[in-house]
Amino acid sequence: MIGYIKGTVEEILSDYILLENRGIGYQVYTSGMALNRLHMHQEQKMYTYLHVREDGVTLFGFPTTEELDTFKLLIGVSGVGPKVALSVLSTLSVQDLALAVMAGDTKAITKANGIGAKGAARLIMELKDKLQVEDVFGVGSDTDSQASPADLSNGDSVQDTVLALVSLGYSDMDAIKAIKQVPGAESMDSETLLKAALKKIF
């Protein structure tokens, strides 16, 4: 199994790159968001997934393990293949996808080509216990690598605060966006977080 390939970006096309390593050009399919971050002739590491079917083998890759892990979760959803998974990750970042799943926002997910309202609802249902609050806040990423285990334990407080804000008349998406603006939100209790989030809304 190939965990990652590190090489030089020789070509960038509409849905894949050619990554050269020791004279071999690997055709690596990736998301539109990833393609936008890549540059010709730069050295790049791509974390890969080899998709095997009866009619062929396709190599998918992403600049971060976070994107690769999310891609694997997406193709595990009933009715979602690699093409649709790439479409989702071309439309929504990992954090925005997690936010949409937590908020039950089917409209955000249906912006991706190849997925309708029923598919979005199924995706939310199957991923809601897999994409957690730390995905929304980016805990565990390079920018927040020092987060402690305690910082990851307050998903219930975030969800309770979302429900409280919704009961006050705010949309799911506005509620989560407000919570994301609160420093240290993922480690607060529900009451403290609600007060802080309301200040961000007003």
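Going by how many other Cβ atoms sit within 10 Å of their own, how do 115, 2 line up, fewest first?
Going from sparsest to densest Cβ surroundings: 2, 115.
What base-10 log of the normalised intensity I(q)/I(0) is obtained for the chain from the Debye formula, alpha carbons as equal point scatterers, at q = 0.09, 0.10 Å⁻¹?
Computed log10 I(q)/I(0) values: -0.39, -0.48.
Would you grab the residues whose amide H sits under 5 Å from the one on residue 26? Only those 5+ places off in sequence or on another chain, please, with H modelled 1.01 Å from N.
So residue 26 has HN proximity to 19, 20, 21.
Would you mind checking the tilt of helix 94-103 against the longest principal axis of the Cα atoms of the chain, expressed as 0 to 90 degrees and rounded to 10?
Roughly 40 degrees between the two axes.
Using only the alpha-carbon atoms, how far is helix 65-75 inclined from the longest principal axis of the chain? Give it as 0 to 90 degrees, nearest 10.
The helix 65-75 is inclined about 90 degrees to the chain.
Could you give each residue of the range 171-181 its phi-based ³J(HN,Hα) in whole Hz, using Karplus coefficients 6.51, -1.76, 1.60 with θ = phi - 60°, and x for Gly or Pro?
Couplings: 6, 4, 5, 5, 4, 5, 4, 5, 5, 5, 7 Hz.
Between 0 and 90 degrees, rounded to the nearest ten: what's the tilt of helix 155-167 against the longest Cα principal axis of the chain?
Helix 155-167 sits roughly 60 degrees off the main axis of the chain.
Residue by residue through the range 195-202, which ³J(HN,Hα) values in whole Hz follow from phi under the Karplus form 6.51 cos²θ - 1.76 cosθ + 1.60 (θ = phi - 60°), with glycine and proline marked x?
Coupling constants for the range 195-202: 4, 5, 5, 4, 5, 6, 5, 7 Hz.
Each value in this text was obtained by applying a stated rule to the coordinates, not by laboratory testing. Keep in mind that what you see is a predicted model, and the values were worked out from it rather than measured. In this analysis, Cβ positions are derived from the backbone assuming ideal geometry, glycine residues included, and neighbour counts consider all displayed protein chains.
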